[in-house]
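Below is one structure, written out as structure tokens, with a few remarks after it.
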Amino acid sequence: MTGSTFKTQGFALCTPGGTILGYSYRETAAKAISALWDQSQPVQRILWEERRTEGWSVVPVVAHMERLAPLTIRVVAREGRLAS
């Protein structure tokens, strides 16, 4: 049995090589960054700034979500490659 499918827009982290990390998908850019680097911690904020200088970025993406048990999320970006 297939579930319903819907699209939602959000943000995800992108590596310097252009790979979009689907597991970092969140509704805001700040939440996407916090998926890997907790921005409430000063050391983590410094680490994110270092990553930015290395070429990491936050990109807008469209997620195709399927209501299954459990919820399955596929993040599809307009640019870049999706991490497997």
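Could you tell me whether any residue of region 1-18 is over 13 Å from M65 (Cα atoms), touching a Gly at 6+ places or on another chain (Cβ under 7 Å) and surrounded by fewer than 17 Cβ atoms within 10 Å (Cβ to Cβ)?
Looking through region 1-18, at least one residue is over 13 Å from M65 (Cα atoms), touching a Gly at 6+ places or on another chain (Cβ under 7 Å) and surrounded by fewer than 17 Cβ atoms within 10 Å (Cβ to Cβ).
The residue that is modelled with the lowest pLDDT, counting only those in region 1-36 that are more than 12 Å from the chain's Cα centre (by Cα) and outside any strand (DSSP E or B), is M1.
The values are calculated or read from the model by the stated rules, or taken from the named source; none is laboratory data. Computed from a prediction, not measured in an experiment: that's the story for all the values here. Here Cβ is always computed from backbone atoms with ideal geometry, including for glycine, and neighbour counts include all displayed protein chains.
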